Amino acid sequence: MNLINMDSENRVVLNVGGIRHETYKATLKKIPATRLSRLTEALANYDPILNEYFFDRHPGVFAQVLNYYRTGKLHYPTDVCGPLFEEELEFWGLDSNQVEPCCWMTYTQHRDTQETLAVLDRLDLDTEKPSEEELARKFGFEEDYYKGTISWWQEMKPRIWSLFDEPYSSNAAKTIGVVSVFFICISILSFCLKTHPDMRVPIVRNITVKTANGSNGWFLDKTQTNAHIAFFYIECVCNAWFTFEILVRFISSPNKWEFIKSSVNIIDYIATLSFYIDLVLQRFASHLENADILEFFSIIRIMRLFKLTRHSSGLKILIQTFRASAKELTLLVFFLVLGIVIFASLVYYAERIQPNPHNDFNSIPLGLWWALVTMTTVGYGDMAPKTYIGMFVGALCALAGVLTIALPVPVIVSNFAMYYSHTQARAKLPKKRRRVLPVEQPRQPRLPGAPGGVSGCGTPGSGPHSGPMGSGGTGPRRMNNKTKDLVSPKSGPLGASIVAMSPRTMLDLNPALAMGKPTFQPRIPTPLAATPPPPASSAGGLTASGIGASGTTGATSAPQAAAPPPSIAVSTTASVGKDLGISTTTTTAQETSKKAFL
């Protein structure tokens, strides 16, 4: 019997989320400096009735945590999310880096997802209209917003910015966005069409010459061609709009420095500035030689197409995909360069081994062009090996090119699919979600040195077993504490069942019954009856009786062999409604009642 008691004393019961787990105390000591290794009965979550510790945490994760204490191996449950698993490990005082290698890839998937969501937040793909408080915080006048002293410019600045930079914020912003896209397309179309021969006007000079007989003659000479004058006016109108747009967006931008260093805005600056530089050069430097070379820099106007990223989330995702796949792209270029150099050298010497009068590979640099065209599977056919060894090298070059290009491409495609799927999921996510308030009911710790007895409901710190609904209580899990305190160690199960139904227990279970004021009244104990009622707990000195006809429940003292002297009792009466009254009595004749009952 002692061995059984010793084994039960070495075990501990842990109630986690309503699921009870039982293990040995020595098992919890295997990992020191954790929450479970420091369990004591003085903790607030220890229940002396059920002899268990209660934790309102996730039971599924705790099963793996307890298994970690038993086996020393921490596995990741696949039915929970990664952040939840990390929060639970942090609560129990465990390190998340101790996850086993077999579960590491599955466990760290949520970190990749969080990084993807952070990138999408920076891309600003949301079309939801921000609140006034968020706008005030974004534009730096949050204090004026709370004080109610917003000026007209502070009120108009966010609206102007939304009109020109957030195309989906309103119908007016959509209209301005359509106008901006229209001018971008017209500018690029004009830039391309003005180079067509049918769209250019020739410059003809009338040259006079002397003939052989001494008379003067003349002929027309076409020296050059210029674009039609209509393209000039189209460029003027388009660049006037671009200039106006840049100035308005810069003035109304919430952060000037972030606006200046934006890559899309830098392209817009250079493209607009190139038009004015070209205009000045045509006016003042058209007589210089090679002045047409300066027009080459006007090709930057094609880069205005990147401004369309403000109007298309797909273009933003595509650009971000190339950024995220920079390592794979670098690896692809490295292997391409390596293969080009190797196969260019091989084909150069392979074509010289056999007699080849039509050798196209006169140098290795020419072979580099052939290797590049072959590895990228383009194959212009301008250069081709003629010998058998050269053909074998060409076949190896083509196979190596297919494998080199095909291997990194799935990674790039998967990155694009990942960003695109998360973007679609965010678009379908409800904007307004229910808030869960993190409110937890406080509980008073049990005082080990407090006197015996039962504390009244709503009385803080009145005993070691404070009431469940009072200021010292914690909730419905502690409701049975009073029942245990009311039962004497020698009263047996009968007394426990009667006391469980007593008015004192009802008073503890229902806080509405505990609103009466304590009254002090003298009471003379009655003589010993023929059938003595079951006694109450000797620790608290309480007895209970049924509800009388008058609607008041009075507690009587224990039966006594002889009439004892009068004693003073404390009676607390609480009325419920209009007809029900309940009273409990604590007698000071505790020891006398014990002896009389025994």
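The values are calculated or read from the model by the stated rules, or taken from the named source; none is laboratory data. Keep in mind that what you see is a predicted model, and the values were worked out from it rather than measured. All Cβ positions, glycine included, derive from the backbone under ideal geometry; neighbour counts span all protein chains shown. Keep in mind that these areas ignore ligands, DNA and RNA; they rest on the heavy atoms of the full protein, side chains included. Shrake-Rupley method; radii C 1.70, N 1.55, O 1.52, S 1.80 Å.
Points worth noting:
- The residue that is farthest from the chain's Cα centre (by Cα), among those in the range 233-261 that are surrounded by 15 or more Cβ atoms within 10 Å (Cβ to Cβ) and more than 18 Å from R304 (Cβ to Cβ), is S252.
- Any chance T374 is under 44 Å from the mean Cα position of the chain (by Cα), modelled with pLDDT of 85 or more, part of a helix (DSSP H, G or I) and β-branched (V, I, T): no
- Applying the criterion of being closer than 15 Å to I340 by Cα and surrounded by 18 or more Cβ atoms within 10 Å (Cβ to Cβ) to the residues of the range 386-408, the residue that is nearest to the chain's Cα centre (by Cα) is T404.
- Out of F296, F259, F335, F343, sole residue that is modelled with pLDDT under 85, among the aromatic types (F, W, Y) and in a helix (DSSP H, G or I): F296
- Note on the range 22-127: enclosed helices (runs of 4 or more DSSP H) holding 1 or more residues that are aromatic (F, W, Y) and either free of Cβ contacts under 8 Å to residues at least 12 places away in the same chain or more than 28 Å from V12 (Cβ to Cβ) (or both) are 101-107.
- L366 assigned to a helix (DSSP H, G or I) and either modelled with pLDDT under 85 or open to solvent by 70 Å² or more (accessible area, probe 1.4 Å) (or both): yes
- The number of residues in the range 145-180 that are part of a helix (DSSP H, G or I), open to solvent by less than 60 Å² (accessible area, probe 1.4 Å) and polar (S, T, N, Q) comes to 3.
- Set side by side, the residues N226, N265 differ, and just one is closer than 30 Å to R137 by Cβ, in contact (Cβ under 8 Å) with a residue 12 or more places away in the chain, in contact with a Lys or Arg (Cβ under 9 Å, 6 or more places away or on another chain) and open to solvent by less than 90 Å² (accessible area, probe 1.4 Å), which is N265.
- Looking across the range 181-201, the residues that are surrounded by 12 or more Cβ atoms within 10 Å (Cβ to Cβ) and touching a Ser or Thr at 6+ places or on another chain (Cβ under 9 Å) come down to F191, R200.
- Residue check for D278: more than 23 Å from R310 (Cα to Cα), open to solvent by less than 60 Å² (accessible area, probe 1.4 Å) and not in a loop (DSSP other than H, G, I, E, B): yes
- Residue match in the range 233-243 (condition: closer than 16 Å to S274 by Cβ and assigned to a strand (DSSP E or B)): no
- Cross-chain or 6+ apart pairs with Cβ under 9 Å, the range 392-406 first and assigned to a helix (DSSP H, G or I), then hydroxyl-bearing (S, T, Y) and surrounded by 12 or more Cβ atoms within 10 Å (Cβ to Cβ): G394/T374; C397/T374; A398/T374; G401/T374; G401/T376; I405/T376
For (1) of a type in the set (S, T, Y); (2) under 30 Å from Q114 (Cα atoms), each residue gets a yes or a no:
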residue	(1), (2)
S8	yes, no
P32	no, no
N45	no, no
H58	no, yes
Y69	yes, yes
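- Set V65, V80: member being closer than 17 Å to Q98 by Cα and surrounded by 13 or more Cβ atoms within 10 Å (Cβ to Cβ): V65
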